[in-house]
Amino acid sequence: MAAAAVFAAAVTGMGMYGILRPNPEASEIAAIVADHQRSLLAATPFDVASSDRHTVKPWFDSKLALSPQVIDLSSDGFPLAGGRVEVIDGKPVPVLVYHRRAHIISVVAIPKVGQKATSEPSLVTTKDGYSVVRWRGQDFDYIVVSDLAMNELDEFVMRWRQAAAER
């Protein structure tokens with residue numbers, strides 16, 4: 001009887017650990033959404049203000065070991081506004097900032113050196129009222145956060161990925 005009770009307690013404990021164990025991806029997304037929210041509270045949501053990718057990319061190069069592609073989507077209605085550096089999981093990461101009307105789009109580029117870009121569908125979720133889209137690119141995982149309607153954010157991601165693949 002005592003052995004059965006110990007066995008039942010062990011099974012219950014393992015089951016609860018599996019349910020309550022922190023999800024690293026969910027924690028990362030929560031941190032990225034919090035950083036996006038914080039940027040909206042600042043005087044400007046970027047550290048370098050420029051719509052010129054030839055200004056933003058060298059700025060990242062001077063701050064970080066690896067910088068992402070800086071894509072110009074102004075002709076598609078998503079002009080580049082600038083960039084900033086955030087700290088995710090204790091490491092500095094580049095964040096590209098785009099506009100769509102009065103909305104801000106943060107594109108967080110988490111370095112994954114040697115990773116190949118994939119055409120896999122994006123992971124789409126929401127957190128605290130913000131839409132979040134994640135995909136794998138060349139040397140980076142990209143996570144996009146905005147309060148844009150999901151169909152517009154999907155359009156942004158499709159155009160961004162398409163332009164990145166053409167380079």
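The values are calculated or read from the model by the stated rules, or taken from the named source; none is laboratory data. In this text the structure is predicted, and so the values were computed from the model without any measurement. Glycine gets a Cβ as well: all are built from the backbone with ideal geometry, and neighbour counts include every protein chain shown.
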Just one listed residue, out of A10, A43, A65, is part of a loop (DSSP other than H, G, I, E, B), at pLDDT below 95, over 25 Å from G90 (Cβ atoms) and of a type in the set (G, A, S), and it is A43
Filter segment 136-154 down to the residues that are in contact (Cβ under 8 Å) with a residue 40 or more places away in the chain and in a helix (DSSP H, G or I) and list them by number.
E152, L153
Take the residues in segment 111-134 that are touching a residue at least 40 places away in the same chain (Cβ under 8 Å) and in contact with an Asp or Glu (Cβ under 7 Å, 6 or more places away or on another chain); name whichever of them is nearest to Q162 (Cα to Cα).
R134
Check I71 against each of (1) within 13 Å of the chain's Cα centre (by Cα); (2) outside any strand (DSSP E or B) and name the one condition it does not meet.
(1)
In segment 45-68, residues that are among the aromatic types (F, W, Y) and over 17 Å from the mean Cα position of the chain (by Cα) total 1
For segment 23-38, check the following and say yes or no: at least one residue is loosely packed, with under 11 Cβ neighbours inside 10 Å and modelled with pLDDT under 65.
yes
Of all residues in segment 53-71, how many are more than 24 Å from I29 (Cβ to Cβ), buried (at least 16 other Cβ atoms within 10 Å of the Cβ) and not hydrophobic (A, V, I, L, M, F, W, C)?
2
Of all residues in segment 99-123 being assigned to a strand (DSSP E or B) and within 13 Å of the chain's Cα centre (by Cα), which is modelled with the lowest pLDDT?
L123
